[in-house]
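First the structure, in the form of C-alpha cells, and then the observations on it.
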Amino acid sequence: MNPSISQLDASGRLRHLLTLEGLLRERILALLDRAEDLRAQSRGGTRRLDLLAGCTIVNLFFEPSTRTRTSFDLAAQRLGAQVINFDIARSSTVKGETLLDTVHTLEAMHADAFVVRHKESGTPEYIARHLRSGAAVLNAGDGSHAHPTQGLLDVLTLRQHRADFENLRVVICGDIRHSRVARSDVHALGALGMRDIRLCAPPELAPAPGDFPQCGIFHDFDAAIAGADVAIMLRLQKERMQAAAIPSEAEYFQRYGLSAQRLRHAAPDCLVMHPGPINRGVEIASDVADGPQSLILEQVANGVFVRMAALAELLAARN
Ligand code: NCD
C-alpha cells in the first residue's frame, strides 16, 4: 500500500515518516548516519541535546508497546523536546470521541509531531492527510503495513556488524503475513542492496501472493536458514489472526523456531535478530535469544538513536 499523500514536501524534504517503501538508498543512509552522529553527540544518550527545545511531541499509541513507545519518548526528551504520552484508556476515546476529533483537539494545544501506532493499516497516513497544522506524523507501526523506524534500526544494527550488504543472505522467519516489521525490513534491506532475502512462514502465515516479489518464499525453515548470515525472527501476531491459524506452540517451535541446533545450519557467525517482544520457546529458544550471536538488545539500544534521527530530520529544520 502506497500512502496517498507524499511523505516528501515540494523540495524533496521528508515531512512525515510513514513508510520506507520508495525511500532512496541515500536518504536511508543519511538517517543511519544521523543516528550514529546523534549517538556520539549525546555520548550514548547520557547528554541531553537541545536540537528540539521548544518542540512538543505527542505519542499516540492505540496498541500496546514497550520498546517503540519508550524509545520515542526517550529520543524526544534527549533532543530537548517536551513529550506527551497520550493515555488512551483514560482519554475521551473511551467516551466515543473520534480519532480525528482527538487529533484536532491535541493539535489545537500545539503539537509539532504525532507518533502514531494503530491496529488499522493506513491510520498514520490518514491522520497526516487531515492535520490542520504543519505537524509531522511518524508511523510507529500501523496494522500489518509498515514500521519504518524498526526497519531503520534493524539495518543500522546490521551495518554495525557487517559492511558487505550486497553479499549477505538474510532469512526472515515467522508470521510474515501480519508483520509490518517484515515489510519495512525488506524495504530497508533492499534499498541498501541486499539481494538474497528469504521469507519463511507456515503456508497459512505466508505473504499474500505477489507481495514481496523481490524475496524468496519458503515454508521449510531448515532449507531457508541454510548458509544464512542473518536470521530475523518474528513473533506470531495472534492479535491479527482471524482464528487459530497455526498448530500448537510446541509444534510451531519444532518447525519454525530458532533453536541452537537449527542455527548450526546457518553460516557460522550468523547474526540473530528479533524486533521484540520475544516469546521464548515459541519462535526462539532462550539460549539463542541470550546467546553470543544475538543482537536483540543492540537493536533496542539503536532504536533510541534512530528515533532521534527521524525526529531531528523532520523537525530540526523547522525549529
Ligand atoms: C513489533 C510491532 O509492534 O510491530 N514490535 C516492535 O515494535 N518492536 C513486533 C511485534 O509486535 O511482534
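The values are calculated or read from the model by the stated rules, or taken from the named source; none is laboratory data. Computed from a predicted model, the values in this text were never measured in an experiment. Methodologically, a virtual Cβ is constructed for each residue, glycine included, from the backbone with ideal geometry; neighbour enumeration extends over all protein chains shown. Side chains included, ligands, DNA and RNA excluded: accessible areas come from the protein's heavy atoms. Shrake-Rupley method; radii C 1.70, N 1.55, O 1.52, S 1.80 Å.
Take the Cβ atoms of S91 and D33, set R0 to 41 Å, and the FRET efficiency comes out at 0.65. Rg/Rh for the chain (Cα atoms only, Rh after Kirkwood) is 0.96. Around the Cα centre of region 194-319, unit charges on the Cβ atoms of Lys, Arg, Asp and Glu (plus for the first two, minus for the last two) sum to a dipole of about 280 debye. Packing-based ranking of 234-242, 171-179, 191-199 yields 171-179, 191-199, 234-242, ordered from highest to lowest mean Cβ neighbour count within 10 Å. Max-minus-min Cα coordinates of region 162-294 on each principal axis give 41, 35, 24 Å, with the largest extent listed first. Secondary structure note: in the chain, about 5% of the DSSP beta bridges are antiparallel. Computed over region 153-216, the quotient of the alpha carbon radius of gyration and 2.2 N^0.38 Å is 1.09.
Dipole magnitude for the chain: computed about the Cα centre from +1 point charges on Lys and Arg Cβ and -1 point charges on Asp and Glu Cβ, it is near 540 debye.
The Cys residues in the chain with no partner Cys Cβ within less than 4.7 Å of their Cβ are C55, C215, C270. Put a plus charge on the Cβ of each Lys and Arg, a minus charge on the Cβ of each Asp and Glu, and nothing anywhere else: the dipole of region 175-263 about its Cα centre is then about 200 debye. Which listed residue (F221, P148, M194) has the Cα farthest towards the positive end of the charge dipole for the chain, taking +1 on Lys and Arg C-beta and -1 on Asp and Glu C-beta about the Cα centre? Of F221, P148, M194, it is P148. Think of the chain as a dipole: +1 on every Lys or Arg Cβ, -1 on every Asp or Glu Cβ, centred on the Cα centre; then among M241, M109, S6, M109 lies furthest on the positive end. Across all Cα pairs in region 233-299, the calculated P(r) in 5 Å bins from zero up to the longest distance comes to 3, 17, 27, 24, 15, 8, 4, 0 percent per bin.
Region 30-80 and region 179-256 have Cα centres lying 30 Å from one another.
At a 1.4 Å probe, what is the % contribution of carbon and sulfur to the accessible area of the chain?
Solvent-exposed carbon and sulfur of the chain make up 50 percent of the total.
Check every DSSP H run in the chain and write down those whose alpha carbon atoms cover 27 angstrom or more along the long axis and whose mean Kyte-Doolittle hydropathy is 0.0 or greater. For the chain, where a helix must reach 27 Å along its axis and average at least 0.0, the hits are 296-315.
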